[in-house]
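Here is the structure we will look at, set down as structure tokens.
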Amino acid sequence: MKKFLVVSVALAGALLAAASAHAEVRHVADTNEVAGTVDVNNSTIGASLGHWFSDDIGASVGLSNGNSFTTIEVRGTYLIDKPFDIAHSPALPYVGAGFISISGPTYSLGGASSQSKGSGLEIFGGVQWQTPWVKNLLFRAEARLSTAKVDTTVNAGAVAYRYDAGYNNVSALASAVYQF
């Protein structure tokens with residue numbers, strides 16, 4: 001996982017360094033967006049709603065589900081004003097931070113029950129690309145690092161046992177975004 005993150009950061013840096021600064025970026029101040037997202041490492045899909053307060057500051061709230069996990073995120077995003085071209089269309093790098101809450105399934109059997117949950121901060125970065133065929137459609141590729149530790153607690157009478165639920169703190173995300 002850490003190798004993937006290092007390779008992603010190195011690739012993003014190389015693209016940024018070699019990029020053309022002549023791309024024309026659409027202004028997003030006072031726009032809203034809806035996004036569909038896939039978390040490749042945790043096998044979840046989700047949706048988010050966001051608002052851009054300026055051409056570089058935005059906030060969003062998202063909900064994802066899959067692979068026994070449900071996540072709720074509140075994020076702030078900063079678009080870095082260093083546009084470059086991908087396939088003759090503008091792309092912008094971005095970074096951000098937020099809060100993530102993760103829960104898993106709850107089971108009860110006989111006198112025993114289990115519950116998975118955790119929360120923490122997240123930092124992320126990636127590139128968003130404006131598609132040439134639909135003006136308000138964007139694609140985003142992102143790497144995310146979360147401090148959330150998701151534990152499962154099994155309660156059986158007076159005994160409680162905890163174990164790691166298997167949530168990946170380092171993940172790669174892909175999103176399709178429509179701004180309006």
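No lab work stands behind these numbers, since they all come straight from the coordinates. Since we're looking at a predicted model, the values are computed, not measured. No Cβ is skipped: glycine too gets one built from the backbone with ideal geometry, and neighbour counts run over all protein chains shown.
Observations on the model:
- The Cα atoms of segment 96-180 define a convex hull whose projected area, averaged across directions, is 7.5 nm².
- Extent along principal axes [Cα atoms of segment 82-127; Å; largest to smallest]: 61, 21, 6
- Exposure proxy shown here: for 106, 70, the number of other Cβ atoms within 10 Å sets the order, fewest to most, as 106, 70.
- Segment residue 82-residue 40, extension gain: residue separation times 0.36 nm, minus the distance between their alpha carbons: 12.4 nm
- With at most 16 other Cβ atoms within 10 Å, longest stretch of the chain clear of loop trypsin sites (Lys or Arg not before Pro) (DSSP): 27-134
- Of 97, 29, 160, the one that fluctuates the most in a GNM where the chain has Cα springs shorter than 10 Å: 160
- When shorter helices are ignored and each DSSP H run of at least 4 residues is given -39500 (n - 2.57), the per-residue value for the chain at 222 nm works out to -3000 deg cm²/dmol.
- Nearest 10 degrees, 0 to 90: helix 2-17 Cα axis against the chain principal axis: 10 degrees
- Those chymotrypsin sites (Phe, Trp or Tyr not before Pro) in segment 18-84 that DSSP places in a loop and that have at most 15 other beta carbons within 10 Å: 53
- Of the residues 95, 74, 154, the one that moves most in a GNM of the chain with alpha-carbon contacts below 10 Å is 154.
- Using only the C-alpha atoms, the convex hull of segment 33-161 corresponds to 108 Å³ per residue.
- For 40, 25, order by how many other beta-carbon atoms lie within 10 Å, fewest first: 40, 25
- Positive-end extreme of charge dipole, the chain - chosen from 93, 44, 76 (charges on Cβ): 44
- GNM top mover of 111, 98, 66 - the chain, alpha-carbon springs below 10 Å: 111
- Relative contact order [Cα under 8 Å, 6+ residues apart], the chain, whole percent: 20 percent
- Evaluated on segment 126-174, the Kirkwood hydrodynamic radius is 14.2 Å, with distances taken between all distinct Cα atoms.
- Computed magnitude of the charge dipole of the chain (debye, nearest 20; Cβ of K, R +1, Cβ of D, E -1): 460 debye
- Available extension along the chain between residue 115 and residue 32 is 26.3 nm, counting 0.36 nm per residue and deducting the alpha carbon span.
- Of 123, 57, 147, farthest towards positive along the dipole that unit charges on Lys, Arg, Asp, Glu beta carbons give the chain: 147
- Neighbour cut-off at most 11 other Cβ (10 Å), DSSP loop, chymotrypsin sites (Phe, Trp or Tyr not before Pro), segment 93-174: 133
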